[in-house]
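For reference, the structure discussed in these notes is given below.
The values are calculated or read from the model by the stated rules, or taken from the named source; none is laboratory data. Keep in mind the model is a prediction, meaning the values are calculated, not measured. No Cβ is skipped: glycine too gets one built from the backbone with ideal geometry, and neighbour counts run over all protein chains shown.
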Amino acid sequence: MTYIYLTLAIVAEVAATMALKVLSDGVRLVPLIMVIGGYATAFTFLCIVLRTLPVGIGYAIWAGLGTALVVLFGAIMFKQMPDFWALTGIGLIVAGVVCINVLSKTTVH
């Protein structure tokens, strides 16, 4: 269940961040509710995850995958295309998350 909760935390955080971009164009009720609810949901699930996963590992996965997904959705939704170096950095983040999950003995499998 740990990774299911972590996935829910990541999805909620990415949704809230996308709504935050929409909200930055002017205060509107639906994006505001999505931002507050999304971050509250993300942190709630992250707290549950950290009961069983080490904080450094849990946060690294949450932040890393969240960042990669925000870049992806930013490109799709807002036409904010990353350049070569941005893609390289995101690739390194994803590679780090894979290393943590596949090679590290500190994660819950």
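Taken over the stretch 63-91, residues that are surrounded by 13 or more Cβ atoms within 10 Å (Cβ to Cβ) and of a type outside the set (G, A, S) amount to 11. The set of residues in the stretch 49-77 being of a type in the set (S, T, Y) and within 11 Å of the chain's Cα centre (by Cα) consists of Y59, T67. Taking the criterion of being over 16 Å from A60 (Cα atoms), within 11 Å of the chain's Cα centre (by Cα) and surrounded by fewer than 19 Cβ atoms within 10 Å (Cβ to Cβ), the only residue of the stretch 10-47 that qualifies is Y39.
When Q80 is tested against the conditions (1) over 19 Å from T2 (Cβ atoms); (2) in contact with a Leu (Cβ under 7 Å, 6 or more places away or on another chain), the lone failure is (2).
Under the condition of being of a type outside the set (G, A, S), over 16 Å from V94 (Cβ atoms) and touching a residue at least 24 places away in the same chain (Cβ under 8 Å), the residues counted in the stretch 46-74 number 6. Residues considered: G37, G58. Of these, the only one that is farther than 16 Å from L69 by Cβ and at pLDDT below 95 is G58.
Say whether the condition of being under 26 Å from M1 (Cα atoms), within 14 Å of the chain's Cα centre (by Cα) and without any contact (Cβ under 8 Å) to a residue 24 or more places away in the chain is met by at least one residue in the stretch 85-92. No, because not a single residue in the stretch 85-92 is under 26 Å from M1 (Cα atoms), within 14 Å of the chain's Cα centre (by Cα) and without any contact (Cβ under 8 Å) to a residue 24 or more places away in the chain.
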